[in-house]
Amino acid sequence: MDFRERETEQKMVRVHVDISVFTENTAVGMVSGPLELAIVPQIGDVISFKADGSFEAFVGEKKLPFVGHLRITNRIVVVNQDEAVIVLEDITAATREGAERLLEMLGRHHELFVDVWE
């Protein structure tokens, strides 16, 4: 790799994500872990996740259909760490089974830790 190629390389930043999944009545679980992104996103930015399959699920206060896009609701920059923590809007699924499938899909596609609560 020559000098010009190194100049054009974009350094990826590591962020830790936290996504909670609910049904209308119950907290079902969360998915969390590190992601590599081109920038440290700001509150209000949207992250697009790969979402295969059909899920009857909604995000945000406006209850928009979940299509893989989640808005950042909180951001924590940790002193002396190379990683920021970003909290994404909650996902509300129609059924517990749907919520568990959604958690598993996000974990599988993005190599994130899945924690399903009883």
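General remarks:
- Any chance N80 is free of Cβ contacts under 8 Å to residues at least 24 places away in the same chain, in a loop (DSSP other than H, G, I, E, B), of a type in the set (S, T, N, Q) and under 22 Å from V13 (Cα atoms): yes
- Selection count where residues are among the hydroxyl-bearing types (S, T, Y) and touching a Phe, Trp or Tyr at 6+ places or on another chain (Cβ under 9 Å), scope the stretch 65-113: 1
- Output for the stretch 20-68, where each listed residue is in contact with a strand residue (DSSP E or B) (Cβ under 8 Å, 6 or more places away or on another chain), assigned to a loop (DSSP other than H, G, I, E, B) and under 17 Å from E104 (Cβ atoms): T23, F49, F55, E56, F66, G68
- Checking R96, R75 one by one, the residue that is surrounded by 15 or more Cβ atoms within 10 Å (Cβ to Cβ), within 20 Å of H16 (Cβ to Cβ), of a type in the set (D, E, K, R) and touching a residue at least 12 places away in the same chain (Cβ under 8 Å) is R75 and no other.
To keep it simple, each residue is scored yes or no on (1) at pLDDT 90 or above; (2) on the phi > 0 side of the Ramachandran plot; (3) surrounded by 13 or more Cβ atoms within 10 Å (Cβ to Cβ).
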| residue | (1), (2), (3) |
| --- | --- |
| K11 | no, no, no |
| I43 | yes, no, no |
| V67 | no, no, no |
| E89 | yes, no, yes |
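- Qualifying residue in the stretch 101-111 (condition: part of a loop (DSSP other than H, G, I, E, B) and either surrounded by 11 or more Cβ atoms within 10 Å (Cβ to Cβ) or out of contact with any Gly (no Cβ under 9 Å at 6 or more places or on another chain) (or both)): no
- The residue pairs whose first member lies in the stretch 52-63 and is in contact (Cβ under 8 Å) with a residue 12 or more places away in the chain, whose second member is assigned to a loop (DSSP other than H, G, I, E, B) and aromatic (F, W, Y), and whose beta carbons are closer than 6 Å, counting only pairs six or more residues apart or on different chains, are F55/F66; A57/F66; V59/F66.
- Among the conditions (1) closer than 18 Å to V17 by Cα; (2) exposed (fewer than 14 other Cβ atoms within 10 Å of the Cβ); (3) at pLDDT below 90, S54 misses just one, which is (1).
- Residue check for E83: of a type in the set (D, E) and in contact with a helix residue (DSSP H, G or I) (Cβ under 9 Å, 6 or more places away or on another chain): no
The values are calculated or read from the model by the stated rules, or taken from the named source; none is laboratory data. What you are looking at is a predicted structure, and each value in this text was computed from that prediction instead of being measured. Glycine also receives a Cβ, built like all others from the backbone with ideal geometry; neighbour counts cover every protein chain displayed.
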